[in-house]
Amino acid sequence: MSPNNPPKHQYNGIQVLRFVAASMVTIYHSFIYYDNLSGTPIKFHDYFDPGLLSRGVAIFFVISGFIMAMSAERLSIGKFLWHRALRIYFGYIAAIVIAVAAKTAVFGSYPMQLISFKSVSLLPFGEIGYPLGVEWSLVYEIAFYAVIALLIALRYPAVRIGVMLAWMVVIMAFGGESTHLLPNASQILLSQYNLGFIAGYFCWHLKGAGVGRFRDFFILGIVLLLGDLIITWPLMRELFVVAGASLIVLGASDPRFSERFAADHPLVRWGNASYGLYLMHVTILGCVYAGSGQHGLGIYLTGLLMALAGGIFFGSCEFTLYQRLKRLIDARKKLVDAPVADNKPVTL
């Protein structure tokens, strides 16, 4: 099989991992929002630290770096940027519209001051309010896309790798004070949260290493993700989390693992919907927990299941529409960019 024509199942494992990561974040936020909105903590806290589930974001960042490294080798700058803009903003705007409608229906109004150019642009404006409550990671995504666009312009793979290595070293040396969930423009590129993207970029170049040993990667990755339970130095803790997430992503990219999942496998399809799940889950949790006025394990589980089911439904619809729109625009651009025979105009 030519490397330019990989088997269709090659990265189905990555899609499965997307769903796992999105579910981890959803469950984590279900604990946080139930506790904050009900005032009655779930007793699971006595046996389990829900903060461990927040590692799903680190897995997301590594996956993003992995996919962006692949895109950097296959797409032009223009096509890369518009593909990414369509992927992020199409679903994001749709999620905002639904959030406004849902919260207005449940609570009678929506704080429209959260919707502004600064918030919807997902650019690094620092500590501002956002409509969905999950945008901090998208702000980092957008900044990383800008870096990848610059890497594409460099053309030479060795130079790109050198730039990423240099960026990693600079972050590790000077990034501590710039690491914020909502950074401004002067802080974002030095933030330690970028280490996940960088690690994912290198994972793409390491793919295929240790083929068939995905179980070993998964086990060691989980151990490293848990390592920060005993580590107090912030940088070292972040490195453990990133290293663990990277090993898990390498395991998921193993063809021997991916071939277990056909394209129509439910976990793969739910992985395709994971961006929509990430966008919508906080809105659904808030509407259920604050809007119901009820407390207890029953309402907690109801909110969690509704967030998972509603998020996957929205994500599936969003992903299908995104794919169709992308194919349509790509086809039109191909017609526009194609050479015209005999100087006759192209009819679109």
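The values are calculated or read from the model by the stated rules, or taken from the named source; none is laboratory data. All figures in this text were calculated on a predicted structure; none of them were measured in a lab. Here Cβ is always computed from backbone atoms with ideal geometry, including for glycine, and neighbour counts include all displayed protein chains. Ligands, DNA and RNA are excluded from the accessible area calculation, which covers all protein heavy atoms including side chains. Shrake-Rupley method; radii C 1.70, N 1.55, O 1.52, S 1.80 Å.
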Among L279, L150, L305, determine the one that fluctuates most according to a GNM of the chain built with springs between C-alpha atoms less than 10 Å apart. L150
Can you tell me the relative contact order of the chain? Whole percent, Cα pairs under 8 Å, sequence separation 6 or more. 29 percent
Using a 10 Å cut-off on Cβ atoms, rank the peptides 226-233, 162-169 from the highest mean neighbour count down. 162-169, 226-233
What are the DSSP H helices in the chain that stretch 20 Å or more along their long axis, judged by alpha-carbon atoms, and whose average Kyte-Doolittle hydropathy comes to at least 1.6? 135-154, 157-174
With the full set of protein chains in place, find how many percent of the accessible area of region 21-130 is carbon and sulfur; take the probe as 1.4 Å. 65 percent
Residue-normalised value, i.e. accessible area per residue, for the chain at 1.4 Å probe, in Å², stands at 49 Å²
Let me have the relative contact order for region 58-212, percent, based on Cα pairs under 8 Å that are six or more residues apart. 40 percent
Between H180 and R260, what FRET efficiency follows from the Cβ-Cβ distance if R0 is 35 Å, with the result rounded to 0.05? 0.35
Using only DSSP helix segments of four residues or longer, with each worth -39500 (n - 2.57), what per-residue ellipticity at 222 nm results for the chain after dividing by its residue count and rounding to 500? -23000 deg cm²/dmol
Gyration tensor (Cα only) of region 165-302 to equivalent ellipsoid, semi-axes in Å sorted down, yields 29, 26, 16
Sorted by mean Cβ packing within 10 Å, highest first, what order do the peptides 111-122, 243-254 take? 243-254, 111-122
Using a 10 angstrom cutoff on alpha carbons, build the Gaussian network for the chain and name the most mobile of A273, A209, A58. A209
